[in-house]
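S.K.: Submitted below is the structure of interest, expressed as structure tokens.
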Amino acid sequence: MTSESKQTIHEIRTWFIRLIELFRTEFDKLSEEERSFITKADYYGPPCQIEVFWLSEPLEYQIIAISHDPDRPDKEIIINGPYHGHEFINEMEKIMNEPRWRKPIPKDSLYYGAKTGKVKRSDVFATRLSGFLNLIKDSVFTEFKTKHMGGMVIDSNSWFWCVRGRVDEFDYADFVNKIIKDAKQRVRISKVKSDSVQEKVQPQPKIKGYGAHFYPPIWIGETPETTFRDRLSGQLYPPPSKILDFDFNGKKLVVYSDGFVGVEAEDESEALRILNTIFGIALISGIDCLSTRELELADIKIDPDSLTITATTWQFSSLRSLLMERRRDTLYYIRKEVPKETIEEILNKAEIVARDQKLAELLIFLIEGYTHYANSEYSHSFIINWLIVERYLSELWEDFIKERQVIGDRKRKLKNPVQWGTDHILETLNLAGKLDDESYELLIDLKNKRNRFVHKGEAIDKPTSEKLLNFSFKIVESKLSQHFDCTLDEE
């Protein structure tokens, strides 16, 4: 390290010490009310630690982490660097393995998994830092001026911000004066508001829910044209906007232009039933769509007034969940355009189907079976689709028994699966003209393959799985058509 770098490090450390001391002097002069309006990001009270990550070449940037850790000394100032660009990531990785960065974040932090106590500060810092590194890379093509570039929360006790240039090029007194001035301004604004409002109305609590994207990806409406600059940055689609909100059997539901569907729900299982019913109707309607799984759900908060999503938390578990990363799009996510009217029709049909538990289950079986088939899991797909066939045959058999007016012991015997199995039912329904020859031959063949899979472990191949999937599609389409016809007749 050069003597010039050592001198600069001393100046940066002195700059922060002066900032902390001036802040505390001015903070002590504030009233309790004014102090309450100092944000966590602007607070330099004890205990306070500051750590600087200094990139000197090819462009000069400093990333400043501010923490309030009671286990570390107050006014601890750590300056890392200066680093050249090619060594920055390696040096950062070493620092992130030091004990202060290996500590779990507080469980009350607004970060996915914080409640487990297993998420480290370095884990969060890495995700936050990623976005700033992209900004630094892009800044090669912008005019370079010393600038405060904003910041982000690390956890409930930590914050970081980024400076283009060096922090000691600013006037630390201006920093402190702005913090104090803003706090006093917030107090004045709050008093004006309280004086003008006769009756204080408590804001309605946010609506809890879950959401997921249509997958494969869609865009609702006509895809907006992107500029050369957008495409150069990797953004093929604009930021999504709310397309519509919907009352789904008493539950609030919102849909965004990028195919994200959020629904009010108490737990994941309720959300999965609603979302997969919607995605199932989309599949039946000719939109290629896979079922969503619990790990792919995002936790959301819906504003009750605007019916917009105000908070979203998710984990990367599949290609579908990667769609939540909306800052950039890639060529892997070319989206199919779907008219808004089509989505509204899908929601209307899904709402009707969801009221019939058995029909909804049948539809969800179908999309689950299709999803396994699309993922080349042919045996899984076959078993799920066979459940649809069994329900179909059971209903045909029940109707046949009723038609023949069978009662008493004879009815009990015919409905006993031990005495009257699938073979007997298929033979009887075919001979009675309730099951056509083509369907009979197909189901006999599929039943035998099902038995060999279950009892002998013979894997189901793709053609066999596809035959059963196509037959299941016809069953569910017929059931839905009958159900919608009945619903229209009732209306």
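The values are calculated or read from the model by the stated rules, or taken from the named source; none is laboratory data. Treat the numbers as computed from the prediction; the structure is a model and nothing was measured. Methodologically, a virtual Cβ is constructed for each residue, glycine included, from the backbone with ideal geometry; neighbour enumeration extends over all protein chains shown.
S.K.: Looking at the stretch 111-134, which of its residues are at pLDDT 80 or above and hydroxyl-bearing (Ser, Thr, Tyr)?
M.R.: Within the stretch 111-134, THR116, SER122, THR127, SER130 meet the criteria.
S.K.: Which of (1) surrounded by 18 or more Cβ atoms within 10 Å (Cβ to Cβ); (2) within 30 Å of VAL187 (Cβ to Cβ); (3) among the basic types (Lys, Arg) is the odd one out, the single condition ARG121 does not satisfy?
M.R.: (2)
S.K.: Among the numbered criteria (1) within 19 Å of TRP161 (Cα to Cα); (2) surrounded by 13 or more Cβ atoms within 10 Å (Cβ to Cβ); (3) charged (D, E, K, R); (4) at pLDDT below 95, which single criterion is violated by LYS40?
M.R.: Unmet for LYS40, out of (1) within 19 Å of TRP161 (Cα to Cα); (2) surrounded by 13 or more Cβ atoms within 10 Å (Cβ to Cβ); (3) charged (D, E, K, R); (4) at pLDDT below 95: (2).
S.K.: Out of ASP74, ASP69, ASP108, which single residue is modelled with pLDDT under 90 and not in a helix (DSSP H, G or I)?
M.R.: Just a single option satisfies the conditions, and that option is ASP108.
S.K.: Confirm whether SER478 is in contact (Cβ under 8 Å) with a residue 24 or more places away in the chain and small (Gly, Ala, Ser).
M.R.: no
S.K.: Does the stretch 149-169 hold any residues that are over 26 Å from the mean Cα position of the chain (by Cα) and part of a strand (DSSP E or B), and which are they?
M.R.: Answer for the stretch 149-169, where residues must be over 26 Å from the mean Cα position of the chain (by Cα) and part of a strand (DSSP E or B): MET149, CYS162, VAL163, ARG164.
S.K.: Filter the stretch 409-449 down to residues that are modelled with pLDDT of 90 or more and either loosely packed, with under 12 Cβ neighbours inside 10 Å or among the β-branched types (Val, Ile, Thr) (or both), then give me how many there are.
M.R.: Of the residues in that region, 9 qualify.
S.K.: Evaluate the stretch 455-472: report whether one residue or more is over 16 Å from LEU387 (Cα atoms), of a type in the set (Lys, Arg) and part of a helix (DSSP H, G or I).
M.R.: Checked against the condition, which is being over 16 Å from LEU387 (Cα atoms), of a type in the set (Lys, Arg) and part of a helix (DSSP H, G or I), the stretch 455-472 yields at least one hit.
S.K.: Just the residues that are among the charged types (D, E, K, R), closer than 14 Å to ILE309 by Cβ and without any contact (Cβ under 8 Å) to a residue 40 or more places away in the chain, please, taken from the stretch 255-269.
M.R.: none
S.K.: Go through the residues of the stretch 18-36 one by one and say whether even a single one is in contact with a strand residue (DSSP E or B) (Cβ under 6 Å, 6 or more places away or on another chain), assigned by TED's automatic domain parsing to the domain that holds CYS162, surrounded by fewer than 19 Cβ atoms within 10 Å (Cβ to Cβ) and aliphatic (A, V, I, L, M).
M.R.: Scanning the stretch 18-36 turns up no residue that is in contact with a strand residue (DSSP E or B) (Cβ under 6 Å, 6 or more places away or on another chain), assigned by TED's automatic domain parsing to the domain that holds CYS162, surrounded by fewer than 19 Cβ atoms within 10 Å (Cβ to Cβ) and aliphatic (A, V, I, L, M).
S.K.: As an exercise: evaluate ILE281 against (1) over 26 Å from GLY113 (Cα atoms); (2) touching a residue at least 60 places away in the same chain (Cβ under 8 Å); (3) surrounded by fewer than 19 Cβ atoms within 10 Å (Cβ to Cβ) and give the number of the one condition it does not meet.
M.R.: The failed condition is (3).
S.K.: Anything in the stretch 128-148 that is surrounded by 12 or more Cβ atoms within 10 Å (Cβ to Cβ), without any contact (Cβ under 8 Å) to a residue 24 or more places away in the chain and under 21 Å from the mean Cα position of the chain (by Cα)? List them, or say none.
M.R.: Across the stretch 128-148, there are no qualifying residues.
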